[in-house]
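The values are calculated or read from the model by the stated rules, or taken from the named source; none is laboratory data. Just so it is clear, the structure is predicted and the values come from calculations on it, not from any experiment. Note that each Cβ is placed from the backbone with ideal geometry, even for glycine, and that neighbours are counted across all protein chains shown.
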Amino acid sequence: MTAKIYSIVPNGFSGSLVEVEGDKSHGLPGFSIVGMANKTIFESRDRVRSAITNSSLSFPLEKITINLAPADLQKDGSSLDLPIALTVLRLSDQLKDDDIKDRIFVGELSLEGTIRPVHGILNIVEAAQAHGFKEIYLPKDNLAQASLIQGVKLVGVTSLNELFLILKGQIPIPEDVPHVVKKNQIDKQSPCLDDIKGQEVAKRALSIAVAGHHNILISGPPGAGKTLLARVAANLLPDLSQAEQIPVTKLRSLVSTDCSIVSSRPFRSPHHSASSTAILGGGTPIAPGEISLAHLGVLFLDELPEYPRHVLESLRQPLEDRQITVVRAKERVTFPADFMLIATMNPCPCGYYGDPTHACSCTVSQIKAYQQKLSGPLLDRIDLCINVQKVPVDSLIASRPKDAKNGLQTPNSPKNTTGITPQNQQSISEHAVVKNKITAALKIQRSRYSSQNIFNSAIPSSKISTLLHISKEAEDFLRSAAKNLNLSARSFYKTLRVAQTIADYDNVDTILPEHISESLSYRLNFPHPEISKQA
């Protein structure tokens, strides 16, 4: 006797259909699984046997063989536990063909028969929909994520016994519980723009970078606030739209057991000791790396020259194509990687080259070698470069409230129980103004490109002349600057894209010469290029 049940396993950024075939024959009792299954699936034999027994169902005392087809597809994970158990129940005539026909089943089983959540549920649902299946039985904990995909009937179940009773028609299918996605609120513990004293140019550059999804490099001595500036971006990013939630949640579900829907844009900050596989993706099976987990969000690389050169050079292709293809001996997987790069660095190994208050202890050759860790092609893919200096101590002290009038209580002042000071109110309102301007600039871009996922930084070069509105004066100025500064074609178009973002940020319909001038100023700020001339 044979039986067949359909399931889906995650495969890269998609899913693959698996036929779980079962055969029951006479002979000594046994339970074997074949079909390119890894150790996790082989161990499901004990989980399935115990789950069936502890769910008040019968495990047949005959020879059971399970085949996972196609046999040449590598299977991984525990999502096949549930279809394997149902195949055994069908072989023992506890279920009929009509009970399981034209349905997809996925889930991990515990020894007591409860159904646990699985990785890559969005991959599974999308693949099931692509193969024409209209009904999917899945762990109830995965239901919220899976409901992002429309047009498929989803049934969340909590145990094998519950699923058995549903399939036999003895209890009704549970009603879907609507999920609520919490909006991304400003994290009180995370820095805001006004927590940074001074650095007005850097704050404007960061705001423009966020508004257009541009890559930015911040250089300066230790203690100048580079890392703080970068982390402010997490609170400047608007929430993900409903369409954007699908790929971001899909990527995270491949590497995390968190079953919630991702509503806030990711902010990833891997350490410089991370391997190339961790940052770019790979492994067995191939999993997304940090650049893909930062999709539609921010990838923050602190102290950029400290990363291995081969890792930095590997970023060149995804920075341009906004996706990465990971190739192994028998696998080839493409993951999206449309991230905004925020990088920081010191101008030299000791960090104090160019600092008027601290002498640099590095030699010219050391400084040159340090800066040359960043290749020209990599820097050409960065849209904005800014140099920052340490804020004078007097400015820091002057910005602190000194009495109750400035929001700080004195011994004779009445106690403030609200926890909100006038300075905090001002800080929050100023941060909100900048975030509102960024949100407005993004709405202008969506309207211009008729898309939710296109930013100014991603405009194809072939369409710039038709999509952007540039004044005759600005065009002449850019043409002259490109010749005098010997800009590459990539730098030319990036200057124009940043200028368009500046115009959107300032709510101006046409790119003007001042927008081109500001955009050029950000491209010409790579830290201390005169070093190469001195060496």
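Data for the structure
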quantity	calculated
Matching helices (runs of 4 or more DSSP H) fully within region 254-321 where at least 1 residues are over 30 Å from ALA489 (Cβ atoms)	276-280, 290-293
Test: ILE84 is outside any strand (DSSP E or B), of a type in the set (A, V, I, L, M), under 17 Å from SER7 (Cα atoms) and modelled with pLDDT under 95	no
Residue match in region 225-232 (condition: in a helix (DSSP H, G or I) and without any contact (Cβ under 8 Å) to a residue 40 or more places away in the chain)	yes
Odd one out for THR249 among (1) touching a residue at least 40 places away in the same chain (Cβ under 8 Å); (2) among the β-branched types (Val, Ile, Thr); (3) not in a helix (DSSP H, G or I)	(3)
Some residue of region 273-287 being closer than 21 Å to ALA230 by Cβ, touching a strand residue (DSSP E or B) at 6+ places or on another chain (Cβ under 7 Å), surrounded by 17 or more Cβ atoms within 10 Å (Cβ to Cβ) and small (Gly, Ala, Ser)	no
Residue satisfying all of: in region 186-220; touching a Lys or Arg at 6+ places or on another chain (Cβ under 6 Å) and within 17 Å of PRO347 (Cβ to Cβ); modelled with the lowest pLDDT among these	GLY220
Per-region count, region 147-170, residues under 15 Å from THR249 (Cβ atoms) and in contact with a Pro (Cβ under 9 Å, 6 or more places away or on another chain)	1
Any pair with Cβ under 6 angstrom, 6 or more apart, that starts in region 339-353 at a residue that is assigned to a strand (DSSP E or B) and ends at one that is charged (D, E, K, R)	THR344/LYS226; THR344/ASP302
When residues of region 344-363 are limited to those that are modelled with pLDDT of 90 or more and exposed (fewer than 14 other Cβ atoms within 10 Å of the Cβ), the one farthest from SER488 (Cα to Cα)	SER361
Matching residues, region 405-464, being among the basic types (Lys, Arg) and modelled with pLDDT of 80 or more	LYS435, LYS437, LYS443, ARG446, ARG448, LYS463
Subset tally (residues that are without any contact (Cβ under 8 Å) to a residue 24 or more places away in the chain and either in a loop (DSSP other than H, G, I, E, B) or not assigned by TED's automatic domain parsing to the domain that holds ILE100 (or both)) for region 3-44	1
Qualifying positions in region 148-165 - within 30 Å of GLN94 (Cβ to Cβ) and out of contact with any helix residue (DSSP H, G or I) (no Cβ under 6 Å at 6 or more places or on another chain)	LYS153, VAL155, SER159, ASN161, GLU162, LEU163, PHE164, LEU165
Residues (farther than 17 Å from TYR307 by Cα and crowded, with 16+ Cβ neighbours inside 10 Å) located in region 382-394	ASP383, LEU384, CYS385, ILE386, ASN387, VAL388, GLN389, LYS390, VAL391
Residue match in region 504-516 (condition: touching a residue at least 60 places away in the same chain (Cβ under 8 Å), under 21 Å from PHE339 (Cβ atoms) and either of a type in the set (Lys, Arg) or surrounded by 19 or more Cβ atoms within 10 Å (Cβ to Cβ) (or both))	yes
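Residue by residue, here is whether (1) over 22 Å from GLN372 (Cα atoms); (2) modelled with pLDDT of 95 or more; (3) not in a helix (DSSP H, G or I) holds:
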| position | (1), (2), (3) |
| --- | --- |
| THR466 | yes, no, no |
| ARG479 | yes, no, no |
| PHE492 | yes, no, no |
| ASN507 | yes, no, yes |
| PRO529 | no, no, yes |
| SER532 | no, no, no |
